[in-house]
Amino acid sequence: MVGVITANVFSTADNESYFPEQHTPLINRTGDCGICLSGGGTRSLAAAMGQLRGLHNLGLLSGTRYISSVSGGSWAAAIYGYYKSGATNDSELLGQGPSSLERSTWTLKEWTDNLSPFNLAAPATKSFLSDFLKQPKKDNLTWINTVRDTFFSPFGLDLPNYFSLDHDSVSAILEANRDSQPEWNHDQFDISNDERPYLIINAVILWPVNKKLFHHKNSHRIPIQFTPLYVGNTHHIELSNSPEQSNMNFGGGFISPYALGSSGPNSSPGQNRVMPQPENPFSLWHASGISSAAFAYSVASSALVDTQIARFMPEINYWSIADAEHSENLSQEQIFADGGALDNNGLMALLQRKVKSIVVFINSEIPISKLDGKITIDSDIAPLFGVNNIELPNNTVFEASAYEDLLENLWETNKVNGGLCLHRQSYTTLKNNWFGTPSYAVEILWIYNSPVESWIQSLSKGMQKIVRDGVEGFGELSHFPNYKTIGQEFLHLVELTNAQVSCIADMHAWSIEQNSAVFNAMLSHQSELSSPTND
């Protein structure tokens with residue numbers, strides 16, 4: 001430890017609906033709406049670039065209140081919100097698709113050349129494995145530092161900076177720490193670019209973890225959120241691993257992001273609490289690296305842990321807000337992992353905040369399919385409806401009866417009508433005691449990653465064949481657009497080709513613009529909760 005800091009400790013014990021960003025100008029600038037960018041590694045990064053491009057072209061992002069993200073979706077959301085170099089403006093960052101004439105004539109070469117080094121998803125073509133092997137140390141920061149070098153460095157976000165919301169929020173931090181950290185200045189804090197949705201990066205804490213033997217049946221995945229103004233979870237969870245062990249608290253409020261890793265104030269929650277300074281700054285790429293550490297849960301949930309891989313599992317000193325008065329004694333190193341281990345769509349964070357209108361981009365590698373009349377999609381969706389939820393028993397937030405409607409409408413819009421795979425529906429959510437989500441009325445637009453026939457028909461004849469071959473699983477665009485999360489390209493870990501990135505991004509951007517009416521209805525500043533609708 002190198003000193004002390006002064007930070008805020010928010011308890012939500014008496015008000016789980018309290019979120020600090022709701023007391024900022026964000027509320028007046030935006031509608032009560034948000035978007036979710038799912039996990040999915042470089043595939044999700046590439047798809048999200050197109051999705052953000054389409055929404056940007058429609059002028060909808062500046063009026064959107066939240067962007068909740070997981071894994072590869074977090075890479076996209078964090079870079080979009082905070083990029084400082086590389087791209088000179090949003091249009092350059094999100095890329096430009098071809099004109100209608102160009103789209104009808106371009107060959108694979110033009111699609112390959114269309115990806116610029118300044119584009120948000122250009123790092124998807126870099127060698128993540130090479131960057132991993134270059135790391136000087138092999139420890140619990142190796143994965144996180146590789147995420148920094150591969151995805152964040154091209155956009156000026158590779159310094160060990162803290163992150164916050166805006167100039168005023170940093171000024172308040174500097175004033176509170178003027179005596180204890182007089183050398184701190186604005187340059188040590190990355191702040192959000194203008195008129196961005198409020199960023200929520202989702203991850204989990206894995207508890208308990210024994211690095212030699214992990215008892216999967218007794219394990220827990222506890223949600224945690226990293227945001228510009230705070231980290232933690234509003235909902236308090238109290239757990240016990242066995243009758244012999246004392247209980248462990250999680251959540252119950254928030255701390256300032258720059259305080260994560262501290263042993264805490266050893267005093268009651270409140271503003272300007274003094275505590276030991278964490279050893280390392282908690283950065284934007286640190287948060288995004290944790291959110292994408294999918295291997296951590298895979299390793300931890302194995303009966304016998306591979307200690308060579310387990311050493312890469314992210315660890316941070318953690319204490320619950322419920323334990324703030326005794327934090328120095330109760331704080332301990334906890335294992336953090338990909339938010340996709342629990343909620344791969346980042347939806348729960350928005351339901352906690354009772355957001356009225358939500359667009360969920362499910363950038364899955366699982367194609368929608370139909371066999372013997374049964375429609376199949378990504379297995380993370382059914383548990384939200386209490387269906388097939390053995391692996392995710394705590395995720396139910398919708399009535400089971402609504403699940404078949406979702407499947408049928410996704411299939412109808414995409415496979416029958418040849419359009420974007422989507423379904424718009426109003427729900428009354430079920431109260432969820434694991435995530436702390438309330439029961440309320442919400443409208444959701446589900447977007448599922450699937451080939452869009454109308455987009456394919458807009459391509460040149462040669463590209464139509466290449467894309468259709470890809471959908472069947474072979475050729476230059478194999479598995480299009482449901483690229484494999486790992487091993488899409490032979491002997492590569494997560495890399496995609498330029499053409500693979502350009503095509504999936506354009507398909508999503510083009511499809512969003514073709515469906516501008518429904519996206520305007522969901523994300524315009526004046527959007528109101530409407531009656532149940534199927535589009």
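The values are calculated or read from the model by the stated rules, or taken from the named source; none is laboratory data. Because the structure is a prediction, the values reported are computed rather than measured. As a convention, Cβ positions derive from the backbone with ideal geometry for all residues, glycine included, and neighbour counts pool all protein chains shown. Only protein heavy atoms, including side chains, enter the accessible area calculation; ligands, DNA and RNA are left aside. Shrake-Rupley method; radii C 1.70, N 1.55, O 1.52, S 1.80 Å.
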Region 151-162 - phi-based ³J(HN,Hα) in whole Hz, Karplus 6.51/-1.76/1.60, Gly and Pro as x: 9, 9, 4, x, 10, x, 10, 9, 7, x, 8, 7
P(r) of region 401-475 over all Cα-Cα pairs, 5 Å bins starting at 0, rounded to whole percent, reads 3, 14, 17, 17, 14, 11, 8, 7, 6, 3, 0
Accessible carbon and sulfur surface of the chain relative to its total accessible area, %, 1.4 Å: 50 percent
Expressed as a whole number of Å, what is the distance separating the alpha-carbon centroids of region 1-57 and region 380-444? 22 Å
For ASN272, list long-range residues whose amide hydrogen, built 1.01 Å from N in the peptide plane, is under 5 Å from its own amide hydrogen. ALA7, ASN8, VAL9
For region 422-461, the spread of Cα positions along each principal axis, largest first, Å: 52, 19, 7
Whole-Hz ³J(HN,Hα) from phi, Karplus 6.51 cos²θ - 1.76 cosθ + 1.60, for region 97-112, glycine and proline x: x, x, 6, 4, 5, 4, 4, 7, 10, 4, 9, 4, 4, 5, 5, 5
If you add up the charges near TYR297, with Lys and Arg at +1 and Asp and Glu at -1, over every other residue whose beta carbon is less than 10 angstrom from its beta carbon, what do you get? 0
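Where in the chain lies the longest segment free of chymotrypsin sites (Phe, Trp or Tyr not before Pro) that are both loop residues by DSSP (not H, G, I, E, B) and have at most 11 other Cβ atoms within 10 Å? Could you put the intermediate results ahead of the total?
Values: sites that count: PHE474, PHE490.
Free of exposed loop sites, the longest segment is 1-473.
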Given Cα pairs under 8 Å that are at least 6 residues apart, what percent is the relative contact order of region 302-424? 12 percent
Of the convex hull drawn through the C-alpha atoms of region 1-152, the volume per residue in Å³ is 183 Å³
For region 195-206, 3J(HN,Hα) per residue [Karplus equation, 6.51 cos²θ - 1.76 cosθ + 1.60, θ = phi - 60°, Hz, x = Gly/Pro]: 6, 9, x, 5, 7, 10, 9, 9, 8, 9, 9, 9
Let me cross-check HIS220: its accessible surface, 1.4 Å probe, with only protein heavy atoms counted, in Å² to the nearest 10? 50 Å²
Would you compute the Debye intensity of region 338-433 from its alpha-carbon atoms alone, equal scatterers and no solvent, and pass along log10 I(q)/I(0) at q = 0.11 Å⁻¹ to two decimals? -0.32
Can you tell me the relative contact order of the chain? Whole percent, Cα pairs under 8 Å, sequence separation 6 or more. 23 percent
Which value, in Å² and to the nearest 10, is the accessible area of CYS33 when all protein chains are kept and the probe is 1.4 Å? 0 Å²
Enter the Cα centre distance for the pair region 461-495 and region 180-198, rounded to the nearest angstrom. 40 Å
For the chain, take the longest principal axis of its alpha carbons; what is the angle in degrees between that and the long axis of helix 167-176, to the nearest 10 within 0 to 90? 10 degrees
Listed here are the pairs LYS415/LYS484; LYS126/LYS465; LYS370/LYS465; LYS356/LYS465; which of them are more than 32 Å apart at the Cα? LYS356/LYS465
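Mind ranking GLU443, GLU404 by accessible surface for me, highest first, 1.4 Å probe? Spell out each step's value before the answer.
Working: GLU443 0, GLU404 105 Å².
Ranking GLU443, GLU404 by accessible area, largest first, yields GLU404, GLU443.
Only bridges whose two residues both fall in the chain count here: according to DSSP, what percent of them are antiparallel, nearest 5?
65 percent
Using the heavy atoms of the protein chains alone and a 1.4 angstrom probe, what is the accessible area of the chain per residue in square angstrom? Let's see the in-between values first.
Working: 20650 Å² over 535 residues.
Result: 39 Å² of accessible area for each residue.
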Bin width 10 Å, alpha-carbon pairs only: give the P(r) of the chain as whole percents, running from 0 to the bin holding the largest distance. 4, 19, 31, 28, 14, 4, 0, 0
